[in-house]
1. For labels at A:Arg120 and A:Arg15 in the simple 7 Å Cα→Cβ model, what's the distance in nm?
2. How many angstrom separate the Cα center of region B:3-73 from the Cα center of region A:1-49?
3. Using the Cβ atoms and a cut-off under 12 Å, what net charge is assigned to the surroundings of A:Ser71, where Lys and Arg are +1 and Asp and Glu are -1?
4. Of A:Lys89/A:Lys165; A:Lys89/A:Lys174; A:Lys56/A:Lys148; A:Lys148/A:Lys177; A:Lys14/A:Lys174, which sit over 32 Å apart, Cα to Cα?
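Only the coordinates and a few stated rules stand behind these numbers; no lab work does. Computed from a predicted structure; not experimentally measured. Cβ sites come from the backbone with ideal geometry, for glycine too, and all protein chains shown count toward neighbours.
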Amino acid sequence: MSTDEARRLIARAKRGHADAFRALVEAYQERLFAFVWRMIRDHHDAEDICQAVFVKAYESLPSYSEKYAFSTWLFTIAYRMSINSLRKKRTLSGSIDFAQLARPEDDAAQTLANSEEARRLRTQIWEAVDELSPPQKSSVLLFYREGKSCDQIGQVLGMPAVTVKSHLHRAREKLRKRLQAELVDERMAFEFLSQAHLA
Amino acid sequence: MNCAESEQLIDAYLDGELSGSLRLEFDAHRLRCRRCQLTVAMMESVGHVVAGDRSTPLLAEDFTDRVMTAIDRRRPLAVRLRPTRVAIVAGALLQAAAVIYLAVVVQPQPATPPPGVLPTVTRADPDPTERFARADQKVERHEALHDYILSRVEAAWANLTSESQQLARYPLDLGVSGRLARAAPSLEQAGPLGRILEALLPVAAEEAESPTSTDDEHSL
């Protein structure tokens, strides 16, 4: 959806036109759901949160300022609601292991599998991403998936761009250390053994 | 440059922020270090997978409907009213106004003669007393009918007043016609029954003005 189209729909939705807001929901729901699901890793909870995000957005439309991208504004609401949901889960279960939140549906959804090697790489990368803290994971998702700048991510997470950059750096460092052990060193050992075998 | 120094620069390299002599040193190290080559390739894969992986589960098909239903439930009653309902209520209001107009403005003329004028006595009506009695009965029937119409209109107006005032506050939101939108503020103020015509007639007069000018042009 173009920026002009979004602005036109937002203006109409602000005047109470439900059909305009419906178009906005349809335009942004997939991206929003993908973000929330990656944060929560529970299909039903993610749907409930997305629904609550859109309802909250509709009610708060009068306070929406066009100096922010509409998607950034939606992600801001979604991030806060996701964090609240994770906190509630942590309160209920004592502690939360983000890596354990992945469900069997992960595998079921990956029907477009390429080679076994590519599938394995993708699985290992997402497992590593799931181990990141919520701010680090959000930064990675918004930076790579949504193409947001550090300033925009800072608006979503409610922190300065410098802090976002620090989260991104630490996230990459964690990913590098974890994946180096699984992928790089394994590949190096494989290559070393292959060369030794040929010699 | 060694591997530790190279790894410190991977972020800047991935973000395209590495340039000049540092970029040259970084590239030179990568050319001779297989491990750093793989590390950079791996981190590029992280970016590609996170950005492009579409293996997220799908939303329920009725998700949009559920959102809109949830929103609708939280909206005020008046905002939820659809234009069709507005048209129905507006029609009822106009009907009520027409009845009031007929009942109040176009009053039936009594059969009694004007004061000071005695009824003429003709040969066909030999008994003036009986004739006056019939006239009185007719007047009483008219008055009873008049009272009945007024009571019905008052009852109808009492039912419509609250809803019309709600409608008056949200005409633009509901996308109703310009006519009702212009009439809305007047309707909201026209609480007492007797002022409903004052509220509606200016709109009718206003609408009547534009065709009149056109007619004038034709008549010339």
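1. 6.0
2. 25
3. Numbers: positive: A:Arg31, A:Arg145, A:Lys148; negative: A:Glu30, A:Glu146.
Summing Lys/Arg as +1 and Asp/Glu as -1 gives +1.
4. Over 32 Å Cα-Cα: A:Lys14/A:Lys174.
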